[in-house]
1. Kindly provide the set of residues from region 581-596 that are under 26 Å from Ala634 (Cα atoms) and surrounded by 24 or more Cβ atoms within 10 Å (Cβ to Cβ), ordered by number.
2. So which residues in region 536-569 are under 19 Å from Leu717 (Cβ atoms) and under 16 Å from the mean Cα position of the chain (by Cα), if there are any at all?
3. Among the residues of region 51-74, how many are surrounded by fewer than 21 Cβ atoms within 10 Å (Cβ to Cβ) and not in a helix (DSSP H, G or I)?
4. Pairs please, first residue from region 115-132 and within 18 Å of Leu158 (Cα to Cα), second anywhere and in a helix (DSSP H, G or I) and within 8 Å of the ligand (Cβ to nearest atom), Cβ atoms under 6 Å, 6+ apart in sequence or on different chains.
5. I'd like to know if region 42-55 contains one or more residues that are closer than 16 Å to Ile155 by Cα, touching a residue at least 40 places away in the same chain (Cβ under 8 Å), touching a Phe, Trp or Tyr at 6+ places or on another chain (Cβ under 6 Å) and within 14 Å of the ligand (Cβ to nearest atom).
6. Can you name every residue in region 727-747 that is farther than 26 Å from Ile694 by Cβ, assigned to a strand (DSSP E or B) and of a type in the set (Asp, Glu)?
7. Does Gly663 satisfy being among the small types (Gly, Ala, Ser) and either buried (at least 17 other Cβ atoms within 10 Å of the Cβ) or at pLDDT 95 or above (or both)?
8. Yes or no: region 602-624 includes at least one residue that is of a type in the set (Val, Ile, Thr), surrounded by fewer than 24 Cβ atoms within 10 Å (Cβ to Cβ) and out of contact with any Ser or Thr (no Cβ under 6 Å at 6 or more places or on another chain).
Amino acid sequence: MEFSVGTASSSTRRIGVMTSGGDSQGMNGVVRAVVRMSIHMGCEAYAILEGYDGLVRGGDAIKRMYWDDVRGYLSLGGTLIGTKRCREFFERAGRLRAARNMILKGISGLIVCGGDGSLTGADRFRAEWPSLLDELVQTQQLAPDQITPYRHLNICGLVGSIDNDFSGTDATIGCYSSLERICEMVDAVFDTAASHMRGFVIEVMGRHCGWLALMAAIATGADYVFIPEKPPGSDWEEEMCEIVTSHRGRGKRRTIVIISEGAQDVELNRITADQVVQALTEKLDLDTRKTVLGHIQRGGMPSYYDRWLATLQGVEAVKALLEATPDTPSPVVTVRENKILRSDLQECVRLTKSAGAAVQDKDWTKAMKLRDVEFKDYFDSYKLTTSTSEERPRLRLPPEKHMRIAIIHIGAPAAGMNPATRAAVAYCLSRGHTPLAIYNGFPGLQRHHDDEPVGSVRELKWIDVDGWVNQGGSELGTNRSLPSEDLAKTAYCFDLYKFDALFLIGGFEAFTSASQIRNNRDKYPSFRIPLLVLPATISNNVPGTEYSLGSDTCLNTLVGFCDVIRQSASASRRRVFVVETQGGKSGYLATMTGLAVGALAVYTPEDGINMRMLLRDIDFIREDFQDDKGASRAGKIILRNERASQTYTTQMIADVINVEAQGRFDARAAVPAHYQQGMKPSPIDRIRSFKLAIKCMQFLEDNFAGKSQDEINANPLNAAIIGIQGSEAVFSPMGSDYGLEATETDWALRRQINEYWRPIKDVIDILSGRPNDTGGNPYGKLPGSPAEVFRSVAPSRAISPLPQIL
Ligand code: ADP
């Protein structure tokens with residue numbers, strides 16, 4: 001009987017991290033964040049290899065991890081510490097061995113990143129822990145004093161899964177990268193489908209959960225979708241064929257149907273892709289092909305979002321473990337909109353199981369609600385936008401509530417402008433409103449002549465916009481000119497075309513335009529209509545929101561750019577790239593790219609650049625190259641926002657590094673410039689444009705349809721902006737002394753006053769080991785006073801209640 005082998009003293013905190021169940025993109029980012037954050041906090045980090053199998057086997061399968069062991073992890077797909085299904089862990093005997101191995105290694109905290117199965121296992125392990133310890137003592141496998149320091153097991157869950165099938169979180173780590181793979185594939189099929197006027201039935205993963213299928217359908221504008229939680233009636237063939245025929249009748253040349261691998265009918269009989277192909281072929285005589293995407297969906301590099309989520313959730317998990325007490329329930333780290341939260345692991349596991357049970361019980365309403373707070377809304381909106389009011393007259397509003405809604409794009413193009421317009425138009429047509437496009441921004445209106453109308457205002461039809469679902473840029477045409485260039489003509493056109501509302505999609509200029517119109521309402525009565533801004537700009541600097549359409553696409557593009565140039569250094573070795581990002585006076589893009597690529601340093605306009613900072617960073621780079629002993633062949637990245645300093649330009653920083661490096665390494669400047677706008681919108685930008693545009697139309701309808709001028713004037717939201725704030729999408733007023741113009745806008749620097757993302761710079765510095773601003777005392781590898789820094793990064797949070805879903 002071996003006692004006390006390797007048992008750590010209780011004062012040493014040892015944290016184990018494992019990846020378990022199906023692999024997903026972003027799991028490596030979790031391991032990197034957990035390992036480095038643990039070390040930063042003065043703990044030791046251990047990787048449990050191959051999931052629960054490693055825990056049951058013990059010995060070499062539980063491996064001490066050092067700072068440099070996780071270099072390069074952020075950008076790699078799959079899981080580098082392995083995952084395996086483990087039968088033994090289903091049995092108490094297996095869990096007993098696992099408990100013993102943990103104690104022998106002195107591990108008192110365990111972070112499990114996996115799907116619902118893995119987290120169910122973790123929850124069970126935690127619940128059983130005291131009895132497992134008792135049994136280990138009773139069977140003399142461990143001595144009583146050996147278990148004393150480990151009486152309480154600290155466990156924290158992270159949801160890593162491509163299916164997004166875990167209740168209590170908006171997104172699981174990996175689901176958006178997987179959706180990106182799907183969208184790439186469907187986009188590719190688009191072209192060939194349209195060329196031959198073919199139909200394609202595309203099967204995506206999700207045995208029990210339709211999230212991937214539904215989001216893929218929204219993001220690619222599919223004609224029909226099959227998901228397990230909302231089976232169609234027994235007449236699905238007729239319903240599908242009717243919709244497809246109507247779309248074709250309106251001029252659509254391609255037909256795309258997305259089907260979850262777990263699709264079924266209301267009697268739980270499986271619906272297969274082959275059956276769908278057969279229905280389309282036989283009933284519509286449509287040349288239809290099947291594509292099964294399979295394991296492609298798990299592959300590839302993690303997207304920006306998954307790197308962001310994995311890193312911040314990994315950091316949060318370490319914090320949760322260190323703050324755990326015997327009385328707090330074990331947490332699982334979740335995300336709601338933009339906010340990382342801790343939820344009750346046991347409760348989320350229970351809800352996830354109930355969602356599965358609801359499907360088996362054919363309780364579709366419950367199944368949809370349990371999936372996630374907004375899943376049902378997404379499904380309903382999707383349905384609404386795939387048919388127009390001619391087909392579903394009951395959706396149509398009475399004529400007195402119909403509005404003429406003008407849509408305009410303003411500022412630089414941002415991915416998401418087109419899909420947002422498409423969603424708004426589809427919604428309007430279903431409800432009976434008239435969507436009007438303003439082409440080429442305000443100059444388009446201002447060029448109007450009564451004698452020779454230039455046609456810059458036109459009614460949009462469904463077929464005009466249907467193909468915009470995956471198009472980057474701006475099909476309406478956009479520019480930076482403002483209403484102030486000709487207010488009188490602008491007002492004249494508002495009147496001429498009888499706008500009942502103006503929907504502005506754009507960045508800081510859209511916000512400024514709405515402000516100018518609002519401020520001139522006294523003078524121009526036609527400006528007294530509701531104005532609503534949907535932020536769309538890569539810079540993400542619009543007051544009232546933490547997210548703007550297009551910023552996710554841009555970050556994905558920047559992350560891809562950095563990965564590529566980093567790899568280019570593998571031949572020359574020891575190279576630093578100084579990458580210049582756009583963003584104007586907002587350091588958001590530079591900072592978030594820095595987080596997602598593991599930058600050595602990030603330079604922003606908010607903090608500026610000075611010589612001392614630069615020299616300290618050069619010392620740090622020198623040290624970093626020395627420590628990695630050539631092991632990591634990839635280059636290193638510094639990010640610099642275009643306006644971070646007038647003196648220290650991107651090229652100059654590269655030059656200074658070259659001089660100071662004295663031949664030991666070299667630096668290059670890299671400027672992706674307009675490439676950053678990206679090509680097609682990312683799935684996140686497509687889905688959020690869909691969701692936010694529809695919310696905007698509903699908001700206009702709920703607040704202003706059929707209302708008198710006095711009622712419109714009296715509503716403080718008659719000039720408003722939709723934004724993501726923390727865990728919610730909210731409408732904020734622009735005017736009055738409490739509105740965004742007065743309270744949240746830095747007009748001179750063209751950005752928000754409170755930039756929510758600023759503390760994230762500390763996380764980047766912690767995880768790259770960069771010395772802090774007070775000089776000396778690096779707080780990465782040599783923990784100085786980490787707790788203080790950490791507190792500023794992630795203020796202590798208790799378990800958040802789950803939203804009331806049932
Ligand atoms: P996922 O985590 O992706 O849902 P699985 O369901 O295959 O994947 O679970 C992964 C591993 O988690 C299993 O091989 C098993 O070791 C463990 N596990 C799953 N469910 C349980 C359970 N109910 N009790 C104990 N361990 C479990």
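The values are calculated or read from the model by the stated rules, or taken from the named source; none is laboratory data. Everything numeric here is computed off the predicted structure, so don't read it as measured data. Note that each Cβ is placed from the backbone with ideal geometry, even for glycine, and that neighbours are counted across all protein chains shown.
1. Initial filter on region 581-596 (under 26 Å from Ala634 (Cα atoms)): 581-582, 587-596.
Scanning region 581-596 gives Thr581, Gly587, Tyr588, Leu589, Ala590, Thr591, Met592, Thr593, Gly594, Leu595, Ala596.
2. Here is the first cut: in region 536-569, the residues under 19 Å from Leu717 (Cβ atoms) are 542-545.
Of everything in region 536-569, just one residue is under 19 Å from Leu717 (Cβ atoms) and under 16 Å from the mean Cα position of the chain (by Cα), namely Thr545.
3. Step one: of region 51-74, the residues surrounded by fewer than 21 Cβ atoms within 10 Å (Cβ to Cβ) are 57-61, 63-64, 66-69, 71-72.
Narrowing the set further to residues that are not in a helix (DSSP H, G or I) leaves 58, 63-64, 66, 71-72.
Of the residues in region 51-74, 6 are surrounded by fewer than 21 Cβ atoms within 10 Å (Cβ to Cβ) and not in a helix (DSSP H, G or I).
4. Final answer for the pair search is Gly121/Phe89; Phe125/Arg95.
5. yes
6. Asp746 - this is the single residue of region 727-747 that is farther than 26 Å from Ile694 by Cβ, assigned to a strand (DSSP E or B) and of a type in the set (Asp, Glu).
7. On the way: among the small types (Gly, Ala, Ser): yes; either buried (at least 17 other Cβ atoms within 10 Å of the Cβ) or at pLDDT 95 or above (or both): no.
Considered against the rule, which asks whether it is among the small types (Gly, Ala, Ser) and either buried (at least 17 other Cβ atoms within 10 Å of the Cβ) or at pLDDT 95 or above (or both), Gly663 comes out as no.
8. Our first condition is that a residue be of a type in the set (Val, Ile, Thr); within region 602-624, this holds for 602, 604, 609, 618, 621.
Next, from what is left, pick out any that are surrounded by fewer than 24 Cβ atoms within 10 Å (Cβ to Cβ): 609, 618, 621.
Imposing the further condition that a residue be out of contact with any Ser or Thr (no Cβ under 6 Å at 6 or more places or on another chain) reduces the set to 618, 621.
Yes, some residue in region 602-624 is of a type in the set (Val, Ile, Thr), surrounded by fewer than 24 Cβ atoms within 10 Å (Cβ to Cβ) and out of contact with any Ser or Thr (no Cβ under 6 Å at 6 or more places or on another chain).
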